[in-house]
Amino acid sequence: MTILDDHRAAAAPSAPALETSIEAASSAILNERKADGHWVFELEADATIPAEYVLLRHYLAEPVDSVLEAKIGNYLRRIQNDNGGWSLFYGHEFDMSASVKAYFALKMIGDKPDAPHMKKAREEILRRGGAIKSNVFTRIMMALFGVVTWRAAPMMPVEIMLLPRWFPFHLTKISYWARTVIVPLLVLMNKKPRARNPLGVGIDELFLEDPKSIGMTAKAPHQSQLWFTAFDLLDKVLRVVDPLFPNKSRQRAIDKAVTFITERLNGVDGLGAIFPAMANTVMVYDLLGYPKDHPHYVLARQSVENLLVIKDDEAYCQPCVSPIWDTALTAHTMIEVGGEKAEASAKAALDWLKPKQVLDVVGDWADKRPGVRPGGWAFQYNNAHYPDLDDTAVVVMAMDRARGTLNAGEKYDEAIARGREWIDGLQSKDGGWAAFDADNLEYYLNNIPFSDHGALLDPPTEDVTARCVSMLAQLGETIQTSPALARGVEYLRRTQLADGSWFGRWGVNYIYGTWSVLCALNAAGVDHKEPVIAKGADWLISIQNPDGGWGEDGNSYKLEYRGYERSDSTASQTAWATLALMAAGKVDHPAVQRGIAYLIQFQGKDGLWTEPQYTGGGFPRVFYLRYHGYSKFFPLWALARYRNLRNTNSRFVGIGM
């Protein structure tokens, strides 16, 4: 069943066993490389995205692709839970909105309501209160299909586009993903179109009451009662005055929204390069009467199609794609592996990454940081208005490693300098770094009725801050010479939790955050004996599973989190934990040896690891990601790092990751 069944003990793996494991994994990953030298692995979310893809086609009354729909149906049925519903991640019990959308999509595909799996889904949905419990985005979808009225969704006047920058709600005060989703949605919510829905499919049976009678959503658990009440009152006022808004200013707001969309259309990579924004864009262009052969409509529609993963018997739609992230992390892995083939692949990957740097587009991030020159990398193939700091830091660190390990000379110097300059310019006033913007700290906005998901903002986080600190330190900055680095390290010290761990915003969760920060503190020269590092390392050691691995699931993001709860081991999280402990100077610790032994033991015969768990973060408590590459390159990275450190006398990790 595994590649090395004879290495199950907790003792340090033998050098030959370790080398065999590394060789098998590196060969397998090299085989997954694209012809032009980059890597991109599948990026899977929950049932909502493939369900919304099906519903979009029926909204537009596109010709039915029965083969594709059958494959998506197979996928949705396979991931249905035993209780009949659908969840947000592997092992999660139930999510109302995912279940409502999956049921609706399957019914649209042609599954009969009295089919056993549909009956079971419907019963579970009703048992939990019915579709009235759906979130705002699902309510908007149901309003578009005429299942509920627009009274069930919050008021979002399109005149938001005209608000001055000083106003409490402004597009510059919310995250990039919220911005790109909301702007086209404002047009849809103003004009209130009805889905064509040629089959006339509805889901009234998912309600315990008349769906046309339901009103606004209740306060979400994360929201303040005082703030929510105030915003709810404002919502009621807006409903009364909405018909009184002048037509001229309303049209001006719509025009401004369309201009925003079109300026950021991003070719076949789509608005924001994320599915919800792309799908909303398609519906807006359709609503405004764009012919199906209009260049903007063609690009918007194709951007959605590019997210499909179609296999022999199943298909699903990704929320976005991750080639820059996958390629940069795999390049690091291959540099760590070393050897002619691995290093050649890393060079090719970095050469592929270099022209992807955004140097000529001043994105939305400049609203809060005017005067900073662009220089970042995006997450997707193209997303020039929205590069991100995490990708940029990882790419810069890989290029910096290439200057030494790969003898790249000055080849990447300018790219590194511009990336560093951009990250320096995007530090937030609290010393941390966020993913896409600076100082996105308007927390009160998560209390508006629209923000029942609690993910309207992009504030600084421990993991992204750690990556930026790692980059600055790897490039030679010190706490003594760099105010930015010193402030970043202070942010990380300040955000350590009492148990020694750190929160992980973009990976699950405290294991990811603690890995990120321990790497950063080590790179910044913090002594391994200092409590801030010792406590983090001790926490990781304390939560190691009996099988030698580490595991944590999305339930750790719950609002009432009171400390680590044991979860099944995964290859990616075991790799993060072992990398973190090695950065903390514990390469010879038994916990690291057990972690490495776990990775070797559970390596597949194909040289790689598989895990059904979702170890990537999207939006805590709302949206999770399964990076199919994480269980491939991170374990190899850990194995190669362990081998390399064991072959040196210093046992010191001298780089940022």
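The values are calculated or read from the model by the stated rules, or taken from the named source; none is laboratory data. On a predicted model such as this, the values are computed, not experimentally measured, just so you know. Please note: Cβ atoms are built from the backbone with ideal geometry, for glycine as well, and neighbour counts cover all protein chains shown. All accessible areas refer to the heavy atoms of the entire protein, side chains included, with ligands and DNA or RNA removed. Shrake-Rupley method; radii C 1.70, N 1.55, O 1.52, S 1.80 Å.
Here are some notes:
- Relative contact order of the chain: 18 percent, from C-alpha pairs under 8 Å at least 6 residues apart in sequence.
- Probe 1.4 Å, accessible area per residue of the chain, Å²: 37 Å²
- For H528, the solvent-accessible surface with a 1.4 Å probe is about 50 Å², rounded to the nearest 10.
- Net charge, F379 excluded, C-beta distance under 12 Å - Lys, Arg +1, Asp, Glu -1: -4
- Average projection area in nm² (convex hull over Cα atoms of the range 520-657, one quarter of hull surface): 8.8 nm²
- Expressed as a whole percent, the proportion of Cα-Cα pairs in the range 584-651 lying more than 21 Å apart is 38%.
- Amide H contacts under 5 Å for L457: S175, restricted to partners 5 or more places along the chain or on a different chain, H placed in the peptide plane at 1.01 Å from N.
- Residues whose amide H falls under 5 Å from that of G617, counting only those 5 or more places apart or on a different chain, are G507, V508, L625, with hydrogens built in the peptide plane.
- Taking each of K71/K354; K119/K212; K119/K173 in turn, the alpha-carbon distance tops 32 angstrom for K71/K354; K119/K173.
- Alpha carbon convex hull of the chain, projected area averaged over orientations, nm²: 28.2 nm²
- Percent RCO, i.e. relative contact order, over the range 253-356, from Cα pairs under 8 Å lying at least 6 residues apart: 19 percent
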